[in-house]
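Following: one structure in structure tokens, then a few remarks.
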Amino acid sequence: MNIILLFLILIVLISILSHVLLIKRKKMFHELIIEELNGEFQLQLMKQNSMQSNSNVNFDNQIDFKLLIIKKQVELLREISNQNGN
């Protein structure tokens, strides 16, 4: 009777230990997935910030370009009006 009881206790302990180890492995796997997702999230944030700063620079460049076109148009109109006035 004692041997059977000891055997059952041993089986229960082995079962508990195996479940604890399984839970530990799954937790490590989930932590790796979370770290990978966090890394991808940080990369996306960096890309987004880079794109926003590039879009700001591009917007500034567009404004400068449009202002330059307007300035050249004004100069051209000034020359045309000077030629018509002479």
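Quick notes on this one:
- Pair list, Cβ under 8 Å, 6 or more apart: the stretch 8-24 residue exposed (fewer than 10 other Cβ atoms within 10 Å of the Cβ), other residue of a type in the set (K, R) and modelled with pLDDT of 95 or more: none
- One residue from L67, L45, L76 being surrounded by 10 or more Cβ atoms within 10 Å (Cβ to Cβ) and modelled with pLDDT of 90 or more: L67
The values are calculated or read from the model by the stated rules, or taken from the named source; none is laboratory data. Computed from a prediction, not measured in an experiment: that's the story for all the values here. A quick note on method: Cβ atoms are made from the backbone with ideal geometry, for glycine too, and the neighbour counts reach across all protein chains shown.
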